[in-house]
Structures are given as C-alpha cells and as structure tokens.
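Please treat every number below as a calculation from the coordinates, not as lab data. Note that the coordinates shown come from a computational prediction; the quantities given were computed from them, not determined experimentally.
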Amino acid sequence: MSVAVPATSTAGAVARGVRAIGVDIAPAMVEVARARLAGVEFRIGDAKALDDADARFGAVAGAFGMLHLAEPDHAIAEAFRVLCPGGTYAFTVWDGPERATFLGMGIQAVIAHAEMTVPVPPGPPIFQAAGRNFTAAFAMGRECPGHAARIDSPPTTKAVSRTRVIAVLERGAS
Ligand SMILES: C[S@@+](CC[C@H](N)C(=O)[O-])C[C@H]1O[C@@H](n2cnc3c(N)ncnc32)[C@H](O)[C@@H]1O
C-alpha cells in the first residue's frame, strides 16, 4: 500500500511486480494517479484512519506525506495496524533546512518575497519529522510485535552550499 500517493511511489511498487494500492486524501491527486497508472487501484483515504482490515499488507510506504500530518503518530499506528507481522513500513521526510539546502533556499525566498499575511489553514511544522526530533514518534514501531524499526539517512544526505545549488540549477541537472 502506498499512502499519500500520487502515482510516482506506487509506480515503483508496480514496476517490481507488486500488487499495489494507492491512497491519498486529495481527490484531485487520486484522479491524477488513476490517469497515470491505469489498472492500479487508487482511492481517497486518510493516512490517519485507513479503511483497510488489520494485517492486510506486506508493505506500507509513504513518500513525503508524513510531514503534512498534524498527528503523525496516528498515521504510524495505522500503518502498523494494516501491516502483516514482519511487514515493512517505510516513509521519507525532508531533513532540516541546514541539510536540505534546496528546500531551505525555497523557504527563505518565500519568506522574503511572498505575501505572508494571507490566511492559511493551520498545519504542522514542516520540519516536525526531520532528524532526531521524530525518533520518539517512530519508536512506536518498535512496540509492535513482529516489526523492527530503523531510521536511515540516505548516503546522499549532506549539507551543500547555496553556491553549489545555484550552479547546478543554472547548469541544469544533467
Ligand atoms: C508532497 S505530496 C507527496 C507526493 C508523493 N508521495 C511524491 O513523493 O511525489 C503529499 C501528499 O500527501 C497527501 N496527504 C496529506 N495529508 C494526507 C492524509 N491525512 N492522508 C493521506 N494523504 C495525505 C497530499 O494530498 C499530497 O498528495
């Protein structure tokens, strides 16, 4: 199962020959995913309250969905509920702006140039799930029988200077 889909993450699972289901809370995202990946089941659903029976999936994955949730612990608990014993739960989040340089630059540009008084709905802090801050929430996985929890930092995660990011953007990502 792929939570907070759209099509990209689910496509990866399908390419491996896995029967995958994609879930996203936004109807428009589900529509796009359906249009991109014909024959795959996509449905509207909330990561914090999945419609599925217990122990139904061999793997649950979520790419960059967790950081949108005000209560990520609920989504983690749901993922472990629908996982078979010994199944795998994997999700990705942004690292803090001091390491995720590109994202940090984007945030600074927004702060400098955007109209910041526009009312927006309340949301969770974007870096709530970054680095060590999130280990306490993720520890819940260790308490689920039959599962092991591990936090990996990809080997490519490293602080990069702003100058280098700009140079790559100007050159193009070839
Ligand atoms: C940044 S996008 C991630 C897209 C995709 N996984 C990727 O890596 O390209 C975050 C997605 O999370 C979805 N989302 C936000 N809250 C959600 C929730 N409670 N349950 C399920 N999906 C949610 C949004 O609708 C959005 O499609």
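Which length gain, in nm to one decimal place, applies between ALA59 and GLU41 when the Cα-Cα distance is subtracted from 0.36 nm times their residue separation? The span from ALA59 to GLU41 would gain 4.9 nm if fully extended. Scanning residues 5 or more positions from GLY22 or on other chains, those with amide H under 5 Å from its amide H are SER2, GLU41, PHE42, ARG43, with H placed 1.01 Å from N in the peptide plane.
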